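Written out below as structure tokens is the structure these notes cover.
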Amino acid sequence: MTNSLGAWKNAPLAYVLAEVRTEMIANLKDYQPKIGGRFRDEYPIQRTMHAAKLVASENQILIEPSQDSAWEFASPDNRTGVILRSNGVVLHATTYIDSIDFLGRLQKVISLVAEEIPSVYVNRLGLRYIDFIFPHKNQLPEIYVDPRLNPDLGLTNKDDNATATTSIAVYPMENGTLTLRYMRGPGKPELPPDLKNLSLEKSQLMNQSPESSVTAILDTDRIYTRTPVEPVGRLDPVWVREKFELLHKDVSEAFKKAITAYARKEWGGT
């Protein structure tokens, strides 16, 4: 990433994802060819994605193929992609200039989909940022994040710094929630399990080798949902852009509160 949550010189951002969740579009296959044609100039790499579903029984959870298909349209460098599926649209990226550029791209994508598919209704929005924390040699992640994120009870040998810990905090927000996940452990950080099958080229941070034996991940996820009394609205690109700007503001505030003054200085934040 070249930038994270503003104009930060040494940004820790490894991956960003924005989702517009819609009501089910049963006949999406009828619209896909024309949408794919319109995406081709900016996202010429096109591939079909086969969905899967979880089936739970008393003894186990199985992953079974789903009949639903999704399509991904990626940029020439395969670092920005649009996923079109029957219940929504996703824009995700492993390269990032700033939020203005990213949300502008999202608005452009949503405008195209809204033009091609009539009567699409939105019920949820989501914006997610994954930050990889690479301490310098002889440093620990604690120097970068608020100590309240690290649930360390001091049960291990004081000289063993490779303790793996995870904390999850869910904050009620206007029309939704903000979830902050912090994962600390030995070795190179990786994307969370639900993002493992990444089709895009990896970002620079994903390929970076750690100097320290311990690294960390900060996963910030802001969800906006319509209230039960709020009418489901049509897919409006302007409305979507305005809501995502508010979501980004919440994510940015959470990120800045989660890190230390040292981290801000190290990453070039203001």
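The values are calculated or read from the model by the stated rules, or taken from the named source; none is laboratory data. For clarity, every value in this text was computed on a predicted model and none was experimentally measured. So basically every Cβ, Gly included, is an ideal-geometry build from the backbone, and we count neighbours across all protein chains shown. Heads up: the accessible areas ignore ligands, DNA and RNA and are worked out on the full protein's heavy atoms, side chains in. Shrake-Rupley method; radii C 1.70, N 1.55, O 1.52, S 1.80 Å.
Points to keep in mind about this one:
- A 1.4 Å probe run over the chain, with the rest of the protein chains in place, finds 52 Å² accessible per residue.
- Rounded to the nearest 10 degrees, the inclination of helix 99-116 to the longest alpha-carbon principal axis of the chain is 20 degrees.
- Accessible area of residue 249 (1.4 Å probe, protein heavy atoms only, ligands and nucleic acids ignored): about 140 Å².
- Pairs over the 21 Å Cα-Cα cut-off, from the set 243/265; 108/243; 9/265; 188/257; 202/265: 243/265; 188/257; 202/265.
- Measuring only protein heavy atoms, the 1.4 Å probe finds residue 239 accessible over about 50 Å².
- For region 176-270, the relative contact order is 37 percent, taking Cα pairs closer than 8 Å that sit 6 or more residues apart in sequence and dividing their mean separation by the residue count.
- Within the accessible area of region 152-267 (1.4 Å probe), percent carbon and sulfur: 52
- Rounded to 10°, Cα long-axis angle of helix 28-39 versus longest principal axis of the chain: 70
- Length-normalised contact order for the chain - Cα pairs under 8 Å, 6+ apart - percent: 25
- Scanning the chain for GluC sites (Glu not before Pro) lying in DSSP loops with no more than 10 further Cβ atoms inside 10 Å, the longest uninterrupted stretch between such sites is 59-173.
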